[in-house]
Amino acid sequence: MKDLKVRLWKSRNYWVIDARRVGYSHAFGNYETKQEAIEEAGILKAKFLTGSLIERIEISKVDEAAARFMKYQYERVMDDSTSPSFYSDLVKSIEFVLSISIDGKLLKRHEMNIMTQQNKDELSDALLKGIQAEGKSRATAEKRIKFLKMFFNYCVRKGWAAINVMDKVSLGMSKEVSDRAPRIQPTTIQKIVSKGLPAENQLDRCMVIVSLATGIRQGELRALKWSSIDFDNHMIKVEGAVKHGTQIIGAPKTKRGRRSIPVDAKTISELKVLKLQSKYSKDDDLVFASSNGTPKMQKVLDKVIKRVCQEAGVDRILWGDMRHFYASVQLSSLGEDWSTVAALMGHSTPNFTYKQYGHYVQNDKKQEKTRAAAAEAMYGGV
């Protein structure tokens, strides 16, 4: 029977068997010796063939299939076939992709019968776009795709899906992702700066302006101190970062994260205004402090950028988009060499920068051009 598979392998101090038949739940067990495992595998195989082991499981909804899949993966953690960290990443990824909207309905609400060859291109494209729209790193996006493929393969093995719609699909097949084109253009940035940043809220205004002018990470922005701003030489030093999901300031993300970034004169002027207005203006104070002087929470920044985009009348962007935009400005407008751009971005290696933004490269490099290019994109050449 082609749809019946029995696997046997050594796991730490015991032998594991895993017997399954397409459309049926699987059976597994742990045994002290290989001979015991072989004998039990034979018994399970016979039971599957006679239909005396387990009733066929019918699954019609995507969320039902996902629940079965995650239960199966959890059982693999319990028998040491899968690491807890792997399982944790898998659950996060599956929960995210289930929330992607397909034809106006969350994926988890769909019937399994949408997984057909006829729908393959439409479904895979929608799922890729949903993963890209999350705004996470390329590594996270690739992880999402890997786990999604595993889930759909599981569904096909069980007989719940006709095909794996993500089979042979990669991140590079999404034009938006593979080109890694900036999600925001200079015209959008100019609208944000001119219309979305009212002068009466200088703190929010400067958070966005500094992000655009330096490309620093959100955690690095939240950890900036006034001592990090060199007003005379128009430089911003990145010396720390707020750890994700906390208000704790630690080291930057990478060893090369400690860096100095040249900025334009107008951005420095905006920071001077903010310092005069702020009740936290000592060297050791945070530039973008909350009302009690601590780092602003990430959700606060998310609300800021949402409001700014609404005021400017543009589609919502993410903080990460501003970092990508800065990189594209340096490479596309200036033709910076990889070492220089890697240093500006705080990347661990120039090779990483090349992988992320390789298609932007042209030629040349200079600090003054770095300042000018950012200013041109933000202020229209002011």
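Numbers for the structure displayed
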read-out: Full-extension gain in nm, residue 302 to residue 265, via 0.36 nm per residue minus C-alpha separation; value: 10.6 nm
read-out: Computed lengthening from residue 35 to residue 86, 0.36 nm per intervening residue step minus Cα-Cα distance; value: 15.3 nm
read-out: Rounded if a/c under 1.5, otherwise prolate or oblate - the stretch 227-320, Cα gyration tensor axes; value: rounded
read-out: Approximate spin-label separation residue 243-residue 63, in nm, with each point projected 7 Å along Cα-to-Cβ; value: 3.5 nm
read-out: Net length gained if the chain between residue 291 and residue 43 were fully extended (0.36 nm per residue, minus Cα distance); value: 82.5 nm
read-out: Cα gyration tensor category, rounded, prolate or oblate, for the stretch 239-283 with a/c compared to 1.5; value: oblate
read-out: Karplus-derived 3J(HN,Hα), 6.51/-1.76/1.60, for each residue of the stretch 83-92, Hz, glycine and proline x; value: 7, x, 5, 4, 5, 4, 4, 4, 4, 4
read-out: Label-point separation in nm, residue 170 to residue 109, each point 7 Å along Cα→Cβ; value: 3.5 nm
read-out: Distance from the stretch 270-326 to the stretch 96-155 (C-alpha centre basis), Å; value: 33 Å
read-out: For residue 146, net neighbour charge (Lys/Arg +1, Asp/Glu -1) across residues whose Cβ lies under 14 Å away; value: +4
read-out: Cleavage-rule hits, trypsin sites (Lys or Arg not before Pro), the stretch 262-339, DSSP coil, Cβ neighbours within 10 Å at most 15; value: 279, 282, 316
read-out: Cut-off 10 Å between beta-carbons: net charge of the residues surrounding residue 287, Lys and Arg +1, Asp and Glu -1; value: +2
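Since every read-out is calculated from the coordinates, none of them should be taken as a lab result. Bear in mind the structure is a predicted one, so any value in this text is a computation, not a measurement. Note that each Cβ is placed from the backbone with ideal geometry, even for glycine, and that neighbours are counted across all protein chains shown.
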